[in-house]
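Asks: Just dropping this structure here.
The values are calculated or read from the model by the stated rules, or taken from the named source; none is laboratory data. All values reported here derive from a predicted model rather than from experimental measurement. Note that each Cβ is placed from the backbone with ideal geometry, even for glycine, and that neighbours are counted across all protein chains shown. All accessible areas refer to the heavy atoms of the entire protein, side chains included, with ligands and DNA or RNA removed. Shrake-Rupley method; radii C 1.70, N 1.55, O 1.52, S 1.80 Å.
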Amino acid sequence: MQMRLAKRQVTDTGEIRTIVKECRTVRLGLADEEGMFIVPMSFGYDWADPGSRLVLWLHSARDGRKARALAAAEDAGAPVALEMDIEDGVIRGAFSCAYSFAYRSIMGWGVARSVQGPELKRHGLGRIMAHLAPGEPAVFSPEAIERTDVWRVEVTELTAKRRAPKVSA
């Protein structure tokens, strides 16, 4: 993707990984018969192919608008949009319109696939727990595994952007 303000684009793999690690929420853009909508979700992640492609792990109930839209996207082979951001504070200005916001963000899209089988579901749920609550135990009962849908989003395209805070003199 071409970025209008190329000076804010993040291309360093290490910095992109840091943004993903420090983000607490991913927002998915989905569409269904009611129209487009955005849903914030907790997530886990892996780096695939050796470490260069982002894979997100998500979970949901078996039913509901989000679950139906993810299933429809999978059936149609349609991409889902994603956004993550970290707020790094207000940038003060000399006048009102000079104020801005410091941030780091990722935008992109990928392909959502339903995860089948208890071992792969456990892996996905474990990745979510490792990101959400590092160091906490991640134990899932067979009943929880059975009643939870787990989704793997293979990110096919992403851009990262940063607006650094201004350093005070």
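Asks: Along the Cα→Cβ direction, 7 angstrom out, place labels at Ser42 and Glu119. What is the inter-label distance in nm?
Replies: Each label point lies 7 Å from its Cα, and together they span 2.6 nm.
Asks: A further question follows. When the accessible area of the range 82-169 is split by element with a 1.4 Å probe, what percent falls to carbon and sulfur? Walk me through the numbers before you get to the answer.
Replies: On the way: 2930 of 5260 Å².
Carbon and sulfur atoms account for 56 percent of the accessible area of the range 82-169.
Asks: If the cut-off is a Cα-Cα distance under 20 Å, which lysines reach Lys66, setting aside same-chain residues fewer than 8 apart in sequence?
Replies: Partners found: Lys121.
Asks: For the range 83-169, what is the accessible area per residue in Å² when the probe is 1.4 Å?
Replies: Per-residue value: 60 Å².
Asks: Under the definition of Cα pairs under 8 Å and six or more residues apart, what whole-number percent is the relative contact order of the range 21-76?
Replies: Value for the range 21-76: 27 percent.
Asks: Of Asp75, Asp32, which has the most accessible area and how do the rest follow, probe 1.4 Å? Kindly include the intermediate steps, with their values, before the conclusion.
Replies: On the way: Asp75 130, Asp32 35 Å².
The residues order as Asp75, Asp32, largest area first.
Asks: Out of the GluC sites (Glu not before Pro) in the range 28-128, which ones are loop residues according to DSSP with at most 12 other C-beta atoms within 10 Å? Mind showing how you got there, number by number?
Replies: Values: sites: Glu33, Glu34, Glu74, Glu83, Glu87, Glu119; in loops: Glu33, Glu34.
Hits after loop and neighbour filter: Glu33, Glu34.
Asks: Rounded to the nearest 10 Å², what accessible area does Ile86 have for a 1.4 Å probe in the complete protein model?
Replies: 20 Å²
Asks: Report Met107's accessible area, 1.4 Å probe, all protein chains in place, as a number in Å² to the nearest 10.
Replies: 110 Å²
Asks: With N set to the residue count of the range 1-50, report its C-alpha Rg divided by 2.2 N^0.38 Å to two decimal places.
Replies: 1.49
Asks: Which percent of the accessible heavy-atom area of the range 1-79 goes to carbon and sulfur, probe 1.4 angstrom?
Replies: 51 percent
Asks: Still on this model: What number, rounded to the nearest 500 deg cm²/dmol, is the helix-based mean residue ellipticity at 222 nm of the chain, given -39500 (n - 2.57) per DSSP H run of at least four residues and division by all its residues?
Replies: Details: 4 runs with 43 residues, N = 169.
-7500 deg cm²/dmol, from helical runs alone.
Asks: What ³J(HN,Hα) values, in whole Hz, does the Karplus curve 6.51 cos²θ - 1.76 cosθ + 1.60 give for the range 32-48 when θ = phi - 60°, with x put for Gly and Pro?
Replies: Coupling constants for the range 32-48: 8, 5, 7, x, 7, 8, 10, 10, x, 9, 6, 8, x, 8, 9, 10, 10 Hz.
Asks: Something else: Which far-off residues, 5 or more places away or on another chain, put their amide H under 5 Å from the one on Arg53, with H placed in the peptide plane?
Replies: Excluding prolines and chain starts, which carry no amide H, the hits are Ala48.
Asks: Which trypsin sites (Lys or Arg not before Pro) from the range 110-169 combine a DSSP loop assignment with at most 13 other Cβ atoms within 10 Å?
Replies: Numbers: sites: Arg113, Lys121, Arg122, Arg127, Arg147, Arg152, Lys161, Arg162, Arg163, Lys166; in loops: Lys166.
Passing sites in the range 110-169 are Lys166.
Asks: Ok, one more. How high is the relative contact order of the chain, given as a whole-number percent (alpha carbon pairs under 8 Å, six or more residues apart)?
Replies: Worked out over the chain, it gives 30 percent.
Asks: If you don't mind, another one. Let me check I've understood the local charge: for Thr25, count other residues with C-beta under 12 angstrom from its C-beta, Lys and Arg +1, Asp and Glu -1. What total comes out?
Replies: Details: positive: Arg24, Arg27; negative: Glu22, Glu83, Asp85, Glu87.
Charge balance near Thr25 sits at -2.
Asks: Select from the range 73-135 those chymotrypsin sites (Phe, Trp or Tyr not before Pro) which occupy a DSSP coil region and have at most 10 other Cβ atoms within 10 Å, ordered by residue number.
Replies: Listed in order of number, the matching sites are Phe95.
Asks: Across the range 105-169, what fraction of all alpha-carbon pairs, as a whole percent, falls in each successive 10 Å bin from zero upward?
Replies: 18, 33, 28, 14, 6, 2
Asks: Calculate one ³J(HN,Hα) per residue across the range 128-140 by plugging θ = phi - 60° into the Karplus curve 6.51 cos²θ - 1.76 cosθ + 1.60, and present them in order as whole Hz with x for glycine and proline.
Replies: Coupling constants for the range 128-140: 5, 4, 4, 7, 6, 9, x, x, 7, x, 10, 10, 10 Hz.
Asks: Additional query: Once the mean 1/r over all distinct Cα pairs of the range 87-132 is inverted, what Kirkwood radius in angstroms do you read off?
Replies: Details: mean 1/r = 0.0684 Å⁻¹.
Evaluated over the range 87-132, this radius sits at 14.6 Å.
Asks: Counting each pair of different Cα atoms once, what's the Kirkwood radius of the chain in Å, rounded to one decimal? If you can, show how the numbers build up before the last one.
Replies: On the way: mean 1/r = 0.0574 Å⁻¹.
Hydrodynamic radius (Kirkwood, Cα only) of the chain equals 17.4 Å.
Asks: Roughly how large, in nm² to one decimal, is the mean projection of the convex hull of the alpha-carbon atoms in the range 55-129? Don't jump to the answer; show the numbers that get you there.
Replies: Values: hull surface 29.4 nm².
With the hull built on Cα positions only, its mean projection is 7.3 nm².
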